[in-house]
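Worksheet: the structure to be examined is printed underneath.
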Amino acid sequence: MKEKLKNLKDSALEQINAAQHLEALNDVRVAFLGKKGELTSVLKSMKDVAPEDRPKVGQLVNEAREEIERILEEKKAAFEKKLREEKMKKETIDVTLPAKKPMMGHRHPNTIALEEIERIFVGMGYEVLEGPEVEMDYYNFEALNIPANHPAKDEQDTFYINKDIVLRTQTSSIQVHELEKGKVPIRIIAPGRVYRSDEVDATHSPTFHQVEGLVVDKNVTFADLKGTLQQFAKEIFGEDTKVKFRPHHFPFTEPSAEMDVSCFKCGGKGCRFCKGEGWIEILGCGMVHPHVLEMSGIDPEEYVGFAFGVGLERIALLKYEIDDMRLLYENDVRFLKQF
Ligand code: DAH
């Protein structure tokens, strides 16, 4: 038995020594120590050993087992060390390589345009305000002289939460909130997101942004409106920009106008950019309708106001010569970082 065990051990050690890699080593382990391994079968045959010899033989088997295990472990550790070293050598780091830079985001053209607009109006003494996007029908329509069944409501066919609550279709609703506070004089701009049930195309989106303006004071005239918006146009599109006011209709202003700026690409001669017109429409404006003031508790005999509404995307698209509004909503950094 002793002889048999010694042979078995020697044979195991020999095979361990001959093993060239980890898998081979594992095969040796299974062949000797595994469930059906040679040493295990010796243990199983203990029943044939005379009972008085069993402790001695048992000890010998255990010693053999321990030694094989020890040598296996040593060899395994050596293999692993070698593998690690080879891996380290292969993976040497070139510290002179440029580092991977974290991806930086970029301010959105809308944001850049808005900050520019805010800078201009804050410079003229305006305050910047915001209002709710989910709005009472009253603030969005009714109090702006757009009663139920008014055709202007159709134009702004929108997203209703229920009969009385809408996603606002225009930032003009913020005018009403400000008027209701009753603190005159008022000189505010109010940027924000608005919603209309429009199909997406190059010039339309169901959500876009406007910047509202409202001034209420004594002795405000249309000349103040013109001067203010002219100054705004010059600052945003360049000193040479000319403006033109065309009569228009908005329910909450009287008189109302749309303002065009001379095309800053061709200077007004007419080009592809302004579709040969020489002029580009940029906003709606007018003198606040006395009824609008009155509904919100401001005495129209004492106070006068003017208001305007600019499409923020429109300004951004024009300023940065972007020809498709959809690009503004894709948030592709490769696009955004050009501005
Ligand atoms: N709210 C208007 C719209 O969405 C734009 C507008 C026109 C706002 C004239 C005004 C204004 O404040 O005076 O079409």
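Observations on the structure shown:
- Among the listed pairs K35/K87; K153/K319; K101/K319; K275/K319; K6/K47, a Cα-Cα separation exceeding 22 Å is found for K35/K87; K153/K319; K101/K319.
- Under 17 Å from K2, Cα to Cα: aspartates and glutamates that are on another chain or at least 8 residues apart: D10, E38, D48, E52, D53, E63, E66, E67
- Unit charges on C-beta of K, R, D, E only; dipole of the stretch 2-90, Debye: 320
- Between E254 and F159, the contour length at 0.36 nm per residue exceeds the alpha carbon distance by 31.4 nm.
- Positive minus negative residues near M259 (Lys, Arg vs Asp, Glu; Cβ under 15 Å): -1
- Within the accessible area of the chain, the carbon and sulfur atoms contribute 51%, probe 1.4 Å, all protein chains present.
- Measuring spread by the Cα atoms of the stretch 27-134 yields a radius of gyration and Dmax of 37.6, 110 Å.
- Relative to its residue count, the chain spans a Cα convex hull of 293 Å³ per residue.
- A simple charge model with +1 on the Cβ of Lys and Arg, -1 on the Cβ of Asp and Glu and nothing else charged puts the dipole of the chain at about 2340 debye relative to its Cα centre.
- The label-point distance for V49 and K234, in a model that sets each label 7 Å from Cα toward Cβ, rounds to 10.9 nm.
- Computed FRET value (nearest 0.05) for D201 with K87, which takes r as the C-beta separation and R₀ as 51 Å: 0.35
- The Cα-based radius of gyration and maximum Cα-Cα distance (Dmax) for the stretch 188-275 are 15.4, 44 Å.
- Cysteines having no other Cys beta carbon under 4.7 Å from their own, within the chain: C285
- 10 Å binning of all Cα-Cα separations within the stretch 2-90, expressed as whole percents from 0 upward: 16, 44, 24, 11, 4, 1
- The slack between E130 and T111, meaning 0.36 nm per residue of separation minus the straight C-alpha distance, is 5.3 nm.
- Just so you know, the averaged projected area of the alpha carbon convex hull for the stretch 241-339 sits at 8.5 nm².
- When the Cα convex hull of the stretch 119-230 is projected onto planes of every orientation, the mean area is 8.2 nm².
- For the chain, with +1 on Lys and Arg beta carbons and -1 on Asp and Glu, the positive-most of I161, N110, T92 along the dipole: T92
- Summing charges over all other residues whose Cβ lies under 11 Å from the Cβ of E235, with Lys and Arg as +1 and Asp and Glu as -1, gives 0.
- C266-E74 pseudo-label distance in nm [points 7 Å out on the Cα-to-Cβ vector]: 9.2
- Those lysines that a straight Cα-Cα span of less than 25 Å connects to K183, excepting residues fewer than 8 apart in one chain: K218, K226
The values are calculated or read from the model by the stated rules, or taken from the named source; none is laboratory data. If you're wondering where the values come from, they're calculated on a predicted model, not measured in any experiment. Glycine gets a Cβ as well: all are built from the backbone with ideal geometry, and neighbour counts include every protein chain shown. To get the accessible areas, we keep the full protein, side chains included, count just its heavy atoms, and leave off ligands, DNA and RNA. Shrake-Rupley method; radii C 1.70, N 1.55, O 1.52, S 1.80 Å.
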